[in-house]
Every structure is written in C-alpha cells, then in structure tokens.
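The values are calculated or read from the model by the stated rules, or taken from the named source; none is laboratory data. Being a predicted model, the structure only gives us computed values, none of them experimental. All Cβ positions, glycine included, derive from the backbone under ideal geometry; neighbour counts span all protein chains shown. Surface areas here come from the heavy atoms of the whole protein model, side chains and all, with no ligands, DNA or RNA. Shrake-Rupley method; radii C 1.70, N 1.55, O 1.52, S 1.80 Å.
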Amino acid sequence: KSGRARVRARGMARSPGAAEVGRARGPPPPSVVLIDNEASSSSDCERTSRISQKYAGGISPSDSGCTVQERGGKVRDIMDLAVCTREKLAHVRDCKTGSSGIPVKLVTNLFNLDVPQDWQLYQYHVTYSPDIESRRLRIALLYSHRELSNKAKAFDGVILFLSQKLEEKVTELSSETQRGETVKMTITLTRELPASSPVCIQVFNIIFKKILKKLSMYQIGRNFYKPSEPVEIPQHKLSLWPGFAISVSHFETKLLLSANVSYKILRNETVLEFMTDLCRKTSESCFTQTCEKQLVGLIVLTRYNNKTYRIDDIDWSVKPTHTFRKRDGAEITYVDYYKQQYDIILSDLNQPVLVSLLKNKKNDNSEAQMAHLIPELCFLTGMPGQATSDFQLMKAVAKETRLDPLVRQQHLARLADDFQRNKDARFELETWGLHFGCQMSLTGRIAPAEKIIMQDHTCQPASAADWSKDIRTCKVLSAQSLNKWLVICSNRAESVTENFLNCLRRVGGPMGFNVDCPKIIKVQENPAAFIHAIQKHVKYEVQLVMCILPSIQTSYYDSIKKYLSSDCPVPSQCVLAQTLNKQGMMLSVATKIAMQMICKLGGELWAVEIPLKSLMVVGINVCKDAFSQRTMVVGFVASINPRITRWFSRCILQRTTAHVADCLKVFMIGALNRWYRHNQGLPARIIVYRDGVGDGQLQTLVDYEVPQLLSSVIEASSNTSPKLSVIVVRKKGMPRFLAETGRNLQNPPLGTVVDSEATRPEWYDFYLISQMACRGTVNPTYYNVIYDDNGLKPDHMQRLTFKLCHVYYNWMGLISIPAPCQYARKLTFLVAQSLHKEPSLELANSLFYL
Amino acid sequence: MRDLKIDLVHHLVGLKETAALLFQRNLKTVAEDNMECNSVVDGNVEEVPSKKVIKFNPPLYKQRYQFVKNLVEQHQPKKVADLGCGDVCLLAILKYQKCIEELVGVDINEGRLKWNGSRLSPCVGDHLDPRELDLAITLYHGSVLEKDCRLLGFDLAACIELIEHFDSEDLAKFPEVVFGYMCPAMIVISTPNSEFNSLFPCAVFRDSDHKFEWSRMQFQTWALDVASRYNYSVEFTGVGEPPTGAEDVGYCTQIGVFRRKAEAAELAVLEHHGEHVYEVVYTTSYPSLQQINYRRRVVIYLVYREVSRLKQKYQVSLRQHELEPEFIAPGNQTGKFTSDLPVPVLTEDDKAMEIAPQPFCIEDKFYVPLQRIIAYPRLGHLCGNVEKLREFLGDVIELNCDGSAVKVDLNDCSDF
C-alpha cells in the first residue's frame, strides 16, 4: 500500500467521531459516523498536512499518533441504551418507583436541554462530481458554499446533518477548488429524525463538544480541560487541569445534559527527565530493564502537537542523530527534522527513541505502523506508577480534586453561565434551535436506618457510616477459638509482636474470640526466609498463619499469599510491623485484625434483619489480571445461609479480553450445593449483583451471563426452582445528587434513593447513596435490574440492596456497594494483583481474602 | 509617475492576452504542483494525465514557504504578516519560530479563515513548556487593498502568490497600501514566472483566477518601480529550479525581497490611531515565560527538581559512608556535601556549579543555598538574581530562617 494511501486512510479515521465508531464492537449502534467538522481543531488539519510529508518506511517520528481528542468514545454507552430490559419485566413496566422513606429535595448535575416540539434533524447524503477522495477537501468545499454558510450543520464528508430542511429534496451546488476546478455537490435528503432518535443524541453531543472547544478548552480523552487555570502540585511534578465531563442523553422523561467536574493529571516531566532521574537511582546494569518496565504502557503527550501515544517499546539502538525516511523519500536525522519542522533543538543526542504502535483503524491486513518518539519531546500523563502507594502524593491530589458539594456546584454554575453567555456558544445553540435550560432538581427518598444484630444485643448505630464504637463491647455472632496458629516475624519485630499479641487477646475476649498463645517463629528479614519458615512449620492442623511483615514491599505479601492461598491452603493474616508501632492506635488496630481473623476462620460478625426467609445473594466481579492484560479474573461470592452471614467464594482466571464471565454455571451450581448442604433445601430466591461491567456490554450480559445463571438454577431443582434476579452495579456514573439545606449544599443522607428523572426509561434502575464521603462529593451507586423473576416491589428491592451494604465485615459501617459485590471485588483484587492463579477450593467457605 | 504605472498595467493586460493565445493548447490541467494546502492535506497529489509533467521535490508551494521561513530565521523579525494567508499554512509553519511575537494573517475569504483558525491555537505542550517570548496570532478578514492601522509597524510582510490575483485596478492600489501605508521593514512578494510556463504541457495560466502571469522582466520592472517610489531596495530570486537544458527560463516562482531603506524611527509607525477596517476572525495568544505566572511555575518546578537531585546525591553519599563514622563526626552537625559519584567530563556549566556554595545538612533538614540554585544556568537565566528567585519561590517552597537557602526534610519518604 502506498504511503499516500495509508495516510489517507489514517486521515479519514482520525476524527473524534470516527474513532468512536471504530472502537465499537458487536452490533453497530443505530447511528452514523459523525464528525464535528468546524470543531475539528488545529491538530486535525495540522496532523494531516504533516503526515503527508513522511511515511515511506514503516517508521516515522511520531507525527501520526492519536490526537488528544481521540481516546474513549461514547458510542458504547449508547449501545447499552438500546438494550431495553424493562419492557420484559412486567411488574415494573408501568411504574418502577418506590414510595417508602422520607422525601428529600436534591439538586442534580443535570441540566435541561430544551428542544422545540416539532424539532427535526435532517440527514443528507452528499456526493461530489468529479469525485473527491479527501475528506478535508470535501468538507472545505461544502462549508465554504454560500448556500450553507449560515446554517447549523455537522458533516463528516459524506453525511450532512442540518437543523433546517433545504427547499428541495435534492440540491445541487457547485463550488470551485483552489485550482479552479468546478466541483458539483449533490445533497440528497435521506432521513428526517425526531429529537429522540439516538442519532440526534450523537449530534447533540457533538454540538456541545464544539461549544466546549469554543470556550477554550482542550479535549483530552473524553473530557474537556482548561489549561488556563491549572492546579500545580510542584513537589510531585503534577499539573492538574480542571475541566468537565459532559454528555447529552435522554433520561427518564427528557433530554438532559449531565456535567461533572473532572481533573486531568499531566506530569511536568518529559520522558527524558524521567529516564535521567531513574538512571541516577538505579544501577547501570538494570537501568534499561527498569526503564522499560516503568515506561512501557504509559501514555505520553508530544510537545509539538496535541497527540497522545502509548509507549510500546524503547529502541535503544536508535539515536536522534540517526536518519529516517520522510514520505517524499528524503533521508533526514531526527535532530534536523525537529529543528526544521518545529524549531526545536534537541539537547541530548544520546537518548533512545520510544516506539509506539499505531492503531490500525481500518482493520485491514496492512502491517501495524510504528512511530518513533523522542523522549525529550514527550510529556508523561496520568498518575505515576507507584503513585497509588505514595500516600503523600495521593493526599495532595485528593486535596485538590475532591471538591466539596458547594465548590462543585460553583464550577457547574460557571459552566452553565458560559453556555448561556458566551457569544459563540450561544450562537451555536441558537442556530441549532436548542435552549440550554436550568439545573434540574428532583425528590429522593431516604431509606430507614438499619439495626445491627450482634450475638446478644441489637444496636441502632449512632451513625451508619461507622458503628465501631457502638459494637465495641458486643459479642460477634460466632467465632471459632484460635488454638493452633503460627506467628512469623523478623528478629527486630519481636517485641512489638509480643505487645500486639497481648492486645489481640485482650480485645478478643469481649468479642467472644478466644485467642490462645501462638507458636512464634523468628526469621531473617527477607521474603525467602518467611516462605521457608512457613513451609517448614505449617502442618495440617494449623488454623491460621500470621506474618509480621518488615516492609511494604510486595514480594513479601505476594509470595506468602500465593503459597498459603493455593499451594498450601491455610488462612493467613499479614500485618505490617510499621502498623504495630503506632502506640496509641494499638487497640483499634488489634480489634480490626481480630475481626479479620474471625472471618478468615469462618466466623460471623454481625447481621441485619432480612425479611425474605430463604434468600441467597451473589456478588460477581470481573477484572483484568495485573500481569497479563489478556487474562480476566472472575470472582463469585454467594451467601450460604438465610441470615446472610456466611459466604462461599470462588475465583477463576479466564483467558479472554472481554469482561464477560464464562464459568458462572459451575460457580452457581457449587453455591447451590453448599446452600443445600447447610439448609437442607434450595433457596427460594437468588439475587445476583454483577459488578465490573464495561461500557457497551449490557447486551452480552443479557445474552450470555443471565442464561448461564438461569440454566444452573433450573437444573438445580426438578420442581420449583429458585427465582432469579440480576442487577448490574455501577459506581462510575455521571449523575450526582446534592441535598439542599438552607443555603448550603451537602451530600445527601445515607440511604437516599433516587428512582425517577435521572433514571432511564428503558431500564428498571435506581441510584442509592449508601456511603459517607468524608471529603468531596459522594458518588451515587447505580443499580440496573436487568433480569427479575422475583417480582419484588421496587421499594423492597431498594431496601434489600441498602441492607446488603451493611454486612461487609472488613468495615464497621456502610459501604458504597452491596457486601457480596465488595467481597467479590476484594477477592478478584487479591488474585489479580498477588496470586495470579486460582485460590484453593478448601478456602472457599471462609473470607480468606479479607 | 501615475501615467507610467497605468501604462505598465495596460501593457501587461495586453501581454496577458497574447500569452493566453500563445499557450492555449489542448490540455486544461495545470502541471505545476500548485495545489496549496487543500490537496496537500489529503496527501493526495493529483494524478495528472501523463503528458510532460514537471514535479518539484519538495513541492513548489513548500519551497515558497521554506523560503519565507529561511528569511525569518535569517532576519529574526518580531512581527510578521501574511497577506492573503488563505489556509494559514504559512502561519502554521511560522508559529514555531521563536523570534516571532506577533503573527497576523489577512485574507478576503472569511470562511477559510474561520475554518482554519484553530490550527494556530497553542497545543497542550505549549502550556506545559511555555515559549520564551510572547506570541499573539490574529487572523483578519479583509482586503490587502484596504488600510488598517493594526497592520502598521511590521518587520516582515509576505505576499506569497498574491499579486497575480489582482486585476489592473487592484494591482495599482496594492503598492500604496503595502509599501506606502503599512511599510514594513521587509516585504517578500512571489509570483509565477511566465517564462517557465513554456515547460508545462498546459495552457494559459497556472490558476484560473490569475489575472496575469509575468515574465522576469515584467516583474522586475514593476518591482523596481515600486521600490524606488517607496524608498525600498529590492533583490530578485526564486524557487523551483528549471530542469537541465532549460535553465534560461529561470525559476518557476519568482520572488522579490524588498527592504525599506529608511529607518523605522522616522516613520510614525507606532501611531495606532487609524481606522480598524478588518474584522478579527480569530485570535489567540501563547503562554510564555514573559507571563509571570508561567515563569514562576517553571522556576518552581526547576527548583524542586534541582533540590531533589542534590538531596538524592547526598543520601547516596550518606549510605556509602555509613560504615565510616568519622564522616558525620560528633559535634560537627554541618556535614559538607561532596559528590562521590563518578563525574563525567565537566562542562562549563558544571564548572560554574562547582564554585557555587554547596548544599548542607543540619540534623534532619537538607539545605540548598539560593546562590547555588541561581548558578544553575537555566534558573539563572529565568530569575536573574537571588532576590527575584526568592520572590518566585514565595511561600510555595520553604526557606531557612534568613531566606538564603531552600529547606527540605532529608528523610521525607515521598521522593519528589
């Protein structure tokens, strides 16, 4: 294929709209490729013009990566919207809202977008004679024509959308190219679309993208950011750009624009600076290896254009003084190229080049293209690799990005103001006939607080966010006594360990957890010594192994967990020696660890009242393995008693890239067997909470996972099989709710349910706020009931879900998702991060992964 | 004078007709790779029916832009205008030039300016790594034949392939506006060389909108006349070398570079109270180190970087001396820092750093004297002196009590 043709292909595929569609898999959405032309900014044109200058060999310097605009897409969400699950659920077809609970007035981050009643979008097909291949030229010719110059339009080179109908069904226009060639354009009406059409939703989203660009914001990924007001965290070399995530969508009754404050993390560090720092820190022998390990996979932003690239490799053999072949065939060194093209002088002539594989958008068989990038000209983006474990850094970022409700509201108000006041923005909206309206308020309901049931006491916690104080003197529901167990610690940690064990015994007593003296083994401070001691001393009758780890280094934790979770299945408890040094905290640390140990031994801590007498709840989570992107980890956790205090946990590694679980039938049958053994019968009802669902996978879930669950339920019993419900749980939704209290705005009270207005007409869905946000604005959890045989009233479904958020034993308080989901999440996390293999079935009856 | 000019134009118009007759052959396509940006962005060079085709490498339009770029590199103008900027291709090339502080494009096609304006906006990297000098870019919708005071005081005006689109009346007005009114220090005018057309298989003019195409003699006559009238000097050159055997036709594009003889001072160029007839279609300004917030930001990042580098070096040396207790002798709280790392060949900068005051350590605090920081060439350049540096650091970075050194925790686990 000629370089020119390749470039053309690339040029056509690289626009926001096209990229979105390119990403969509499976059934195409009921829509078309659409590009916001006028808004296809700088990078769009520059990119193409520059690309045309090179690419003869397979390699070029970096000019043809992705635009900043590119990553991400909204089409997949739209695909989900086409999955209408509610119409199959008879009991909620007419009404899916509950009625119990105290009403609460809530302000949302949703804005009315008013479209006139008779508004229509006109879709046209445009052909050129003589035919013109260049998308840009096609667009330029059409846009510069007088006939269309004052009309609101969106055009991708083939399909044209207008908000006003042209007089004729077929319109012929002629325009002249710069060379004086006359080109005839034939514009034919193909469709008239009502505002509710999914195509219109796409057009609306494009219009708002255009407007945000006019408000001097930059698109990075899906969102738009303001470079003019960065938040700097210089000690961590980070710049945070404030911005917005916005999307237009049809909610329950009307068209709404949702807007969220978002921050883009950019690093004030070039890849070259990162490499030099690293070089200073590490020994020469492992420098290249460490460097590759740390850099490959990161997204970089090039200095001279708005493109982002993923680093796929580092080529240490290529230097900036080497040459590459430009498209016109001329050989040029990287140094000269950047000097000529961008007046940039490279300072380090010994740096290697970064290699990025360019995505093949056309999906044809042509070989993958590589781009060479100069480290000096690439900025790192996103959080640094080790950041999540760097407490100081996370704190600094959280401080800036977690906006409390009032500040968040101010940001939104400013955006709304810009939409209404900015001349360009208003012009754009007006020509399309749209009106940006006011912020929407709605009424939620607060579910009543739950009582916590302990062994001989039932308490009403003072705050549902944290009841550790309320239950301090209460006995847990059941706990096995710990008679035979091991403690492995380093020599240095001996005294803190002794001290800690005393505490553990002291707090264990009142809880009803009897802790005998362990066998203490002292070892040297290295992971191998710990493993060796475990191998030597762990025998069949050992109930639990406790390891006092000298450092946070993952090699200790990972190797111990790996060995004790699958090779030699014994519950294990790892504690950082550092944690035990905090004197004042000792009692509360010991209490928390005691509770984890009780769970790992198969005990039960507390319960809430469950009105349904024979209910099994299941949590499923799917995530990627940390080592191999091609392996999925599926976690499955099911309750095995009616009180919902005992759990059966399974996890499997699956060799696919789709976030869809394969093994649910096996897991479900296993769980039903367990239930049968414990309760001499099958559960009457099963409610499955499915977490970790990617965008656009709803249909696959309905088609593929629900049948697996259904068939196992049906096969389990010959007469009346358990009734099944499947609920998709999502934490990353757009809507936010804030409670108005006088002039102030606050996070809504715990237990707030929203099941109207911000929901979707095609789904049986609701929002539930079940967690406390100590800082920032709470993110409501979104529940979508995609299958429901149980026929519970929406009120009951919501209440039950709220109850389940109370019984996660690792936290003495409410959590954001139902406990089975959180257990499944914790389990998959352990497997994906540390084990990378299936934990032993022998541990399935205890919460060994807490 | 006036008569002469009109005569010349008449003469030219007549010539145009003869030329048209002369070159009218059966082909209508234009062979010159004269498609400018529109077709270039396609990466789709028009396939011309295979007659005798002359292709330039690099394409001629690029050679013309390169010529202007070279002029800019050579003369370092601050204010540059592109008259008849079209698809803003030339401006998009020139925006990378570090010397330019103001870049202006003028064109009569408003649609094209609107469409292409955003090509000139700063990119994300310009915010992260700002340029040294300010840069403002403005696109005006208007005619080059109208006077707008915002075009006064320029160092360079480019009229690339512009004049041949003027009819005789407009061509007559053009020198008065550009040379007489705007009177930039330098003007570069390019136009087709009609003598070269004999090498093309095709007819008439290279573009249907061309009102004339001049021979070298015609262009030079016109140019010399204009130059002498407005007190400019002119040199002639061109781009697009003729093929071997046809050298006598000259460059495909002929170029005149005009330089104003009088100094700007005597011309009242800075009086900006004229009329604003052009309409601003697009305007943007780049972040730069001249803007105090950007300069401050860069300084703070560099200081953090330098301090953490020195601290790290110190920690390494501490570890190496852990077994030698005399290094931190009891009573001697101030441990002098000396690098134990193998130092490669010292550059001039390194030598400057050598004589700068060394960082030191008191208890668990690590201090880097501002004198040392300012000795770091880039920071020295950005701050000038220690007072300015102190001002930049403000309350973002902690200093010691007399404000002479940056103070950080030696054992701060978060490694910045």
Q: Determine, at each q value in 0.10, 0.11, 0.13, 0.20 (inverse angstroms), the log₁₀ of I(q)/I(0) that the Debye formula gives when each Cα of segment A:326-484 is one equal point scatterer.
A: -0.94, -1.00, -1.07, -1.20
Q | Computed log₁₀ I(q)/I(0) - Debye formula, equal Cα scatterers, no solvent, segment A:682-778, q 0.12, 0.16, 0.25 Å⁻¹ | A | -0.56, -0.85, -1.35
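Using a Förster distance of 35 angstrom, determine the FRET efficiency expected from the C-beta separation of B:Asp409 and B:Ala136, and round it to 0.05. List each step's numbers first, then the result.
Working: r = 43 Å, r/R0 = 1.24.
Efficiency, from the Cβ-Cβ distance: 0.20.
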Q) Given C-alpha coordinates of chain A, what is the ratio Rg to Rh with the Kirkwood estimate of Rh? A) 0.99
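Could you list the chymotrypsin sites (Phe, Trp or Tyr not before Pro) in segment A:717-787 that lie in coil according to DSSP, counting only those with at most 10 other Cβ atoms within 10 Å of their Cβ? Don't skip to the answer; put the middle values down first.
Details: sites: A:Phe737, A:Trp763, A:Tyr764, A:Phe766, A:Tyr767, A:Tyr782, A:Tyr783, A:Tyr787; in loops: A:Trp763.
Taking segment A:717-787 and a limit of 10 other Cβ atoms within 10 Å, no loop chymotrypsin sites (Phe, Trp or Tyr not before Pro) are found.
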Q) Å³ per residue of the Cα convex hull, for segment A:572-641? A) 148
Q: Sticking with the crude label model, points 7 Å out along Cα→Cβ, report the distance from B:His381 to A:Ala245 in nm, one decimal please.
A: 4.1
Q. Mind checking the angle between helix A:794-804 and chain A's longest principal axis? C-alpha axes, 0 to 90 degrees, to the nearest 10.
A. 60
**Q.** Global size of segment A:461-591 as Cα Rg and Dmax, reported in angstrom
**A.** 15.5, 48
(Q) Under a crude label model (7 Å from the Cα following the beta-carbon direction), how far is B:Ser228 from A:Asp328 in nanometres? (A) 3.8
Q | Eligible lysines near A:Lys395 by straight Cα distance, threshold 19 Å, same-chain separation 8 or greater | A | A:Lys237, A:Lys264
(Q) Using protein chains only and a probe of 1.4 angstrom, how many square angstrom of A:Met668 are accessible, to the nearest 10? (A) 0
Q) Once you average over the residues of B:110-122, how many Cβ atoms of partner chains fall within 10 Å of each Cβ? A) 5
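Around A:Gly101, what is the net charge, scoring Lys/Arg as +1 and Asp/Glu as -1 over all other residues with Cβ under 10 Å from its Cβ? Walk me through the numbers before you get to the answer.
Values: positive: A:Arg445, A:Arg799; negative: A:Asp795.
Combined, the nearby Lys, Arg, Asp and Glu give +1.
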Q. If only Cα atoms are counted, what is the Rg of segment B:160-296, and what is its Dmax, in Å?
A. 19.2, 61
Q) Mind checking the angle between helix A:819-830 and chain A's longest principal axis? C-alpha axes, 0 to 90 degrees, to the nearest 10. A) 80
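Count neighbours as other Cβ atoms within 10 Å of each site's Cβ, and list the trypsin sites (Lys or Arg not before Pro) in segment A:599-655 that are DSSP loop with at most 13 such neighbours.
Values: sites: A:Lys600, A:Lys613, A:Lys624, A:Arg630, A:Arg643, A:Arg646, A:Arg650, A:Arg655; in loops: A:Lys613, A:Arg630, A:Arg643, A:Arg646, A:Arg655.
Answer by residue number: A:Lys613, A:Arg630, A:Arg655.
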Q | Whole-percent carbon and sulfur share, accessible surface of chain A, 1.4 Å | A | 50
Q: Could you rank A:Arg760, A:Arg743 by how accessible they are, 1.4 Å probe, largest area first?
A: A:Arg743, A:Arg760
Q: Using Cα positions and a limit of under 30 Å, work out the lysines in reach of A:Lys539, with same-chain residues fewer than 8 apart set aside.
A: A:Lys484, A:Lys519, A:Lys522, A:Lys561, A:Lys562, A:Lys592, A:Lys600, A:Lys826, A:Lys837
Q: Find the all-direction average of the projected area of the Cα convex hull for segment A:585-734, expressing the result in square nanometres with one decimal place.
A: 11.8
Q: Note down the nm distance, to one decimal, between modelled labels 7 Å out along Cα→Cβ at A:Met383 and at A:Asp348.
A: 2.6
Q) Over what distance in Å are the Cα centres of segment A:86-138 and segment A:169-209 separated? A) 20
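Ranked from the most accessible area to the least, with a 1.4 Å probe and all protein chains present, what is the order of A:Met454, A:Met394? Could the numbers behind the result be given before it?
Values: A:Met454 5, A:Met394 65 Å².
Descending accessible area places them as A:Met394, A:Met454.
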